[in-house]
Amino acid sequence: MTDYSRIDFTPLIEASADEVVTESFVRDVALPSGGTLALITLDNGRDYTRPNTLGPRTLEQLGKVLDEQRTRAARGEIQAVAITGKPFIFAAGADLSKVGTLATPENARLMAQMGHFVLGKLGTLGVPSFSFVNGLALGGAMEIALNSDYRTLDSSAAALAFPEVFLGIIPGWGGATIVPNLIGIEKALEIIVSNPLKNNRMLKPAQAFELGLFDAMFGPASFLEQSVLWADGVITGKIKVERKHEPGKLERLTKWPAAIKIARDTLRARIGTAAKSPYVALDLLSAAKDNDRERGFEREDDALAELISGDQFAASIYAFDLVQKRAKRPAGAPDKELAKPVKKVGVIGAGLMASQFALLFARKLRVPVLITDLDQARVDKGLEYIRGEIDKMQEKGRLSSDDANQVKALVSGTTDKALYADCDWVIEAVFEELSVKQQVFAEIEPIISETAVLATNTSSLSVEEIGAKLAHPERLVGFHFFNPVAVMPLIEVVKTPATDDPTLSTAMVVARKLGKSAVITADRPGFVVNRLLAKVMGEAARALDEGTPLPVVERALAPIGLPMGPFELIDLVGWKVAAHVQDTMVGAFPERFYASDNLHRLAEVDSPLVKSKLGKVEDLSKAGKKAVRLGNTAVSEEEILRRVEDELAGEIKIMLDEGVVAAAEDIDLCLILGAGWPFQAGGATPYLDRVGASERVFGATFHDPRVAGQA
């Protein structure tokens, strides 16, 4: 077994000279029953916007402080040790901005081993150890708590989670070993594997407590005092801590392997096998059945050494930085001080998309929202949908009764467009046809104020052409949502040559208030996401037309790790919509895009595909096979993948040369947020560099140096 005390961590510590160190401050707290508790407070000296993080130098200092407490305990000076955090923050885990610089295989292993070495001291102090988790606790912070003998939780903590699998690694400081043996394998699979893959879903304090991760939970008003009092009860024996969720022999023999198999099969069906970390996590959770901490920690060391130094972690950190940093400081955004106030919103249309817009604007902006349509029946149907969705949110606890009533009261509908007169922002959600959009704006422009912003949700039409007949085209902006509106985090904000800075600034500020990430794009066909998805769908359609069996086409892109195969994507967006997008792109760039008559034929079939129980596409249905006209020159999965890679590399290079967005990072941000491209690929451009497509197509790379690991 590994003797962590004999390992030299100096190379790791020297490699982290610029770490923002989270200090471990100690003060003695008198226990009600007599005696002393040594309370360690983690604090990096910054405010709540810069959470405590756990780097090598932070761990080194925490280790020294714990050694001091062990000595004090041996002398009888203290009866317990507890760790807590600065206000609102326990810790946000490892400092991800620095982990990449430590990503050699040697340093990666040292990082895992150092975490096990230092946190392991919490179990060898000679007195009980406690974690008083007073706020945000992610990853390594949760593992501090797990390595403690006992744990309390503040009921107002912002979030608790093990996000590692989301970032291409695994909980490697004890989490993958301790969690399943504390709360059972099924719950461990949920929080270590499933939640991270659901857009990094976090736990609320009540959920974490009910799962059995914590022994007691107290309110924020007197959390520390209550925790100390509770700890005193544990020390004196007045409080008996029962852990009812710990798995027994029967679970280890039967439920454990069955749960792992089900999880593995579900993962394969849902995300394929391109992502490494979920499967490494499954292997660790499976092996943890032996309930041997020392062996489990060694397995975690091996796993982290491999994953941290690999391509997928480097790509994940690149993607994480895009979502956390670049998305919050969008390239090309004008000064937000130029933004116009939006005190009333108008939505032209009352169909499903328009109703989703109205609900989102009312919920997030809390301003009056007006919807209109051609007749009152359509308006009433839209209002009914909106109110029904608000009721669902209230039932699920996402809106209080007062909030639900307020949002309902903010939305109104009419057929009288004159009521748009006092709107500051008017967005259209009508049929995707140029003349229709031009007409509705022609009707609205004379009614609204001169300072009001006009927005179009077009996904494929030229925003400049939509505004060609406006008296003031400078106040028109593209504002392209993705479906479902409430869920998808991206908005493509389309700037025409005429769009002025106040209009663009208003669009960016509104997007932020809606809780969305906005990327500014030029007014070019397909903008970013649809233009590149048209490449993927076009190559899939081309391969099918040539005579390649649909299952072969569907499997071909698995190495990228996309959330779904190309025909599953086509089926999701709708066959007619997909065919229209392809036709639009071919109309704009006939020499570079592919449109298929078979897409139009399949659009006329009620059920063109056969799907598995999990919704995965298996083949064309009998009706689908009858509808298509296919060739007899089938191509391989490898050929299809190479075609898609090369076509994407070439198109992205053209888009960057055209100035569609400011940089390759914005392409990746759009694909991650708008099309679900996986973190472990880093979006598109790092992946295309790594597989050589960039070099093949234009003789260079999008990133220099490449976004890759150091394994």
Within segment 495-558, list the trypsin sites (Lys or Arg not before Pro) lying in a DSSP loop whose Cβ has at most 12 other Cβ atoms in a 10 Å radius.
none
Over 29 Å between C-alpha atoms is what I'm after, so list which of Lys417/Lys495; Lys513/Lys616; Lys187/Lys535 land there.
Lys513/Lys616; Lys187/Lys535
Among Pro257, Leu285, Gly296, whose Cα projects farthest towards the positive end of the dipole of segment 234-305, with charges put on the beta-carbon of Lys, Arg (+1) and Asp, Glu (-1)?
Pro257
Quick check: from the Cα gyration tensor, does segment 62-146 come out rounded (a/c under 1.5), prolate or oblate?
oblate
So what is the accessible area of segment 15-103 per residue, in Å², with the probe set to 1.4 Å?
41 Å²
Can you pull the percent of segment 627-711's accessible area that's carbon plus sulfur, 1.4 Å probe, other chains left in place?
45 percent
Accessible area of Arg378, 1.4 Å probe, to the nearest 10 Å²?
120 Å²
Computed D for the chain, Stokes-Einstein, Kirkwood radius over alpha-carbon pairs, 20 °C, 1.002 mPa s, to the nearest µm² per second, is 77 µm²/s
Computed [θ] at 222 nm, deg cm²/dmol, the chain (DSSP H ≥ 4; -39,500 (n - 2.57); rounded to nearest 500)
-13500 deg cm²/dmol
Quick check: from the Cα gyration tensor, does segment 1-138 come out rounded (a/c under 1.5), prolate or oblate?
oblate
Which value, in nm² and rounded to one decimal, describes the direction-averaged projected area of the C-alpha convex hull of segment 507-548?
4.0 nm²
Tilt of helix 256-271 relative to the longest C-alpha principal axis of the chain, in degrees (0 to 90, nearest 10)?
30 degrees
Segment 569-704, accessible area per residue, ligands and nucleic acids excluded (1.4 Å, Å²)
45 Å²
Roughly how tilted is helix 56-74, in degrees to the nearest 10 and between 0 and 90, from the longest Cα axis of the chain?
30 degrees
Could you give the spread of the C-alpha atoms of segment 305-386 along their three principal axes, from largest to smallest, in whole angstroms?
63, 33, 19
Candidates per trypsin sites (Lys or Arg not before Pro) in segment 602-711, loop by DSSP, up to 10 other Cβ within 10 Å:
Lys613, Arg629
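Considering only protein heavy atoms and a 1.4 Å probe, what is the carbon-and-sulfur percentage of the accessible area of segment 423-531?
That fraction is 54 percent.
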For segment 145-242, taking Cα atoms only, what is the radius of gyration to one decimal and the Dmax to the nearest whole Å?
14.3, 44
Kindly report, to the nearest 10 Å², the accessible surface of His580 as traced by a 1.4 Å probe over protein heavy atoms only.
80 Å²
Measuring from the longest principal axis of the C-alpha atoms of the chain, the long axis of helix 311-324 (C-alpha) lies at a number of degrees, nearest 10, equal to 70 degrees
Just to be sure I follow: if Rg is taken over the C-alpha atoms of segment 368-520 and Rh is the Kirkwood radius over the same atoms, what is Rg/Rh?
0.97
Along its principal axes, what span do the Cα atoms of segment 47-106 show, with the longest given first and each in whole Å?
42, 33, 12
Residue-count net charge about Ile444 - beta-carbon cut-off 9 Å; Lys, Arg +1, Asp, Glu -1
-2
Computed over the chain: relative contact order in percent, which uses C-alpha pairs under 8 Å that are six or more apart:
11 percent
Given segment 266-305 reduced to its alpha-carbon atoms as identical point scatterers, what log10 I(q)/I(0) does the Debye formula return at q = 0.18, 0.19, 0.30 Å⁻¹?
-0.54, -0.58, -0.98
A convex hull over the alpha carbons of segment 213-359 yields, per residue, a volume in Å³ of 304 Å³
Looking only at segment 110-236, where both bridge partners belong to it, what percent of the DSSP beta bridges are antiparallel (to the nearest 5)?
10 percent
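Among DSSP beta bridges whose residues both lie in the chain, state the antiparallel percentage, nearest 5. If you can, show how the numbers build up before the last one.
Details: 15 of 60 bridges.
Of all bridge pairs located within the chain, approximately 25 percent are antiparallel.
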Could you tell me which chymotrypsin sites (Phe, Trp or Tyr not before Pro) in segment 214-278 are loop residues by DSSP with no more than 13 other beta carbons within 10 angstrom of their beta carbon?
none
Of the heavy-atom accessible surface of segment 123-164 (probe 1.4 angstrom), what whole percent is carbon and sulfur?
53 percent
Compute the accessible area per residue over segment 308-437, keeping the other protein chains in place, probe 1.4 Å, unit Å².
47 Å²
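The values are calculated or read from the model by the stated rules, or taken from the named source; none is laboratory data. Keep in mind the model is a prediction, meaning the values are calculated, not measured. Quick reminder, even Gly has a Cβ in these numbers, built from the backbone with ideal geometry, and neighbours come from all protein chains shown. Please note that ligands, DNA and RNA were not included when accessible areas were found on the heavy atoms of the full protein model with its side chains. Shrake-Rupley method; radii C 1.70, N 1.55, O 1.52, S 1.80 Å.
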